[in-house]
Structures are given as structure tokens and as C-alpha cells.
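What follows is calculated from the coordinates using simple rules that are stated; it is not laboratory data. Predicted model only: the values in this text are computed from it and were never measured. Quick reminder, even Gly has a Cβ in these numbers, built from the backbone with ideal geometry, and neighbours come from all protein chains shown.
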Amino acid sequence: MPSASASPNRLLDPATLARIKPLRLRAQRIVEGYVAGLHRSPYQGFSNEFAEHREYAPGDDLRYVDWKVFGKTDKVYLKQFEEETNLIAYLVLDTSESMNYASEGVAMTKLAYAQTAAAALAYLVLHQQDAVGLATFDREVRRVVRPSSSPLQLSTVLGVLEEMAPVEKTATGPIFHDLAERFARRGLVIVLSDLFDDVAPMIAGLKHFRHRRHDVVVMQVLDPAELDFPFQQATLFKGLEAAGELLVEPARLRKAYQAELEAYQIELRTGCRKQGIDYVQLRTDQPLDSALATYLAQRQQRIK
């Protein structure tokens, strides 16, 4: 079981770990695992969660006979149960150049915030004795850490997270299609990205994860300036991902920008909702411990 004190890594924020440690990250739908754990499996076995009855066959264990049904029908049926199996959580981190943005007065770039969130989620998954993997991407998949529940996995994931240096554009649609084919075992896919890309191909890629029967959570990491557009005086905007520079009067641009942002957010959230995908917005000026704890508690309550 990982320990925060055993890992002095800068990405493991003690306040965040303390808030989320009592919570559990569970699969919303039946997942496919390989060890006893918290989560339902599609494979029938004898465990503690009732699934259905089947007729008795010679040699079956009489401990699982449903005697109430026998008393009513004079027929012998066995109780079948759903196996409990491990969750596999796949963390998918956007390391493209746009993630390197932080507005004035904000302590962390979007990438640093997403890295810290990924580290906390990895810690949580391993703490509950489940398996976690990691994939990083920009316009292509950069690193893939295979899922594992080993005590050494946290160090491996943190090492990859720390080495990330954003330099490229992003291409979420093709990336998600690629990763959907790579993630062989069904599990929980958690995407951490600003999602600054065309919505239609992005949703199509996320839909591919669902087609592969993964549970999916999208965590959109945004700087407050990207949401609130607080600029007042003439400002030189430096485009990331080779977008160039533009000198503008913010007052003239604000209304159009906010309308575009609202339309984009509606399209994104609607697309996620239609696919049964959880959407979570993370603002980099808000405490990560509160944001993660709030979402995890709501999710835990919803799927009890």
C-alpha cells in the first residue's frame, strides 16, 4: 500500500491525499479484473453479491442452495453471485503546449495541476489495492505505463509524470482511438486535458472507449482566465501550439469569446452526457483537494 510519507515527490500533495484517502474510486459499470477487490465482474462466481439463480446439477455445493425457493417450488436452485474484482484505472494525460499556460496570479500551469491530480488519483487507486496505468500524449502517444497494482507502480507513474515537457500540438480524437485499442482490459479511463480541440472528433474518440466498454471520466483542466476573460487593457495574446500572436482590445473581444466558449462547453458536455461519460471541470485557481474530494464523494454516492 503506497504511503505519502514514503514518497516525497512534489506531485503528492499531503492535503489532497488526506481529503481523498477515505474515499473510493469505483467502476460505474461492470468491469473486467483479475484479483479480488471492490468491483463487480462480468464473470459468475460465488462471492457476496447475488446475481441470479440456476438449477442444481449433481456435484454442486449444497451450501448455495436457495431453500426458500425450494420450499415454494420443490425445485432445487443455486444462488449465483458476481465475483468481486480489481478496478483498472487508466490515467490519460494531455501534455501538449497549451497545457503549459498559467495566467497572472495563478500558482500552477494547467499541466502542473493535471499532473498533481493524476498523482493523487494514482495514489488513491493503489491505496485501495487496485491497478493503475498511465498514458501521456500531445499529437501522438508519448509514454504508456502498463496497469499494475504493485507497490512500485506509484514511483513508476510519478517518474513519468515528472519528466513531461509540453512542446507539441494536440490531436485528441486520433489519440483516443489509438488508446482505446491499446487498453485491452475493461476499466476506468480518466482523461486529464484542457480539451482544446475540435469537439466532434474528440467525442468520437471518447465514444470509442465506451464502445470498448470502458467507464470514462473526463476532467477538463482550465485556467480561470480562460473561463472568465478578465483582461481590461490592450493585451498581446501569445498563441500556444503555433497559433501566433494577436494584439487586441479585450473589451471588444470579450462578448464574442464568451459566446464561443459557451457554445463549445455545451457541445462538449452534451457529447459526454450522451455517451454516459462523467464530465468534471477543474479550475487551476481552486484547491485540488476540494475539487477531487467533491467529485469522488458524489460519484461514490451515485454508484453505491
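Computed quantities for the displayed model
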{"item": "Spin-label pair R302/D228, simplified geometry with 7 Å Cα→Cβ offset, distance in nm", "result": "2.7"}
{"item": "3J(HN,Hα) from dihedral phi, segment 146-156, Karplus parametrisation 6.51/-1.76/1.60, rounded to Hz, x for glycine, proline", "result": "5, x, 7, 10, 4, x, 7, 5, 4, 4, 5"}
{"item": "Chain lengthening between R213 and A256 when straightened (0.36 nm per residue, less Cα-Cα)", "result": "11.6 nm"}
{"item": "Most to least packed among 193-201, 295-303 [average Cβ atoms within 10 Å]", "result": "193-201, 295-303"}
{"item": "Karplus-derived HN-Hα couplings along segment 180-195 (A = 6.51, B = -1.76, C = 1.60, θ = phi - 60°), whole Hz, x at Gly and Pro", "result": "4, 7, 7, 7, 6, 8, 5, x, 10, 9, 10, 9, 10, 6, 7, 6"}
{"item": "Under-5 Å amide H pairs with S103, H placed in peptide plane, nonlocal only", "result": "A225"}
{"item": "Table column - 3J(HN,Hα) (Hz), segment 205-213, Karplus curve with 6.51, -1.76, 1.60, x for Gly and Pro", "result": "x, 5, 4, 4, 4, 5, 4, 7, 6"}
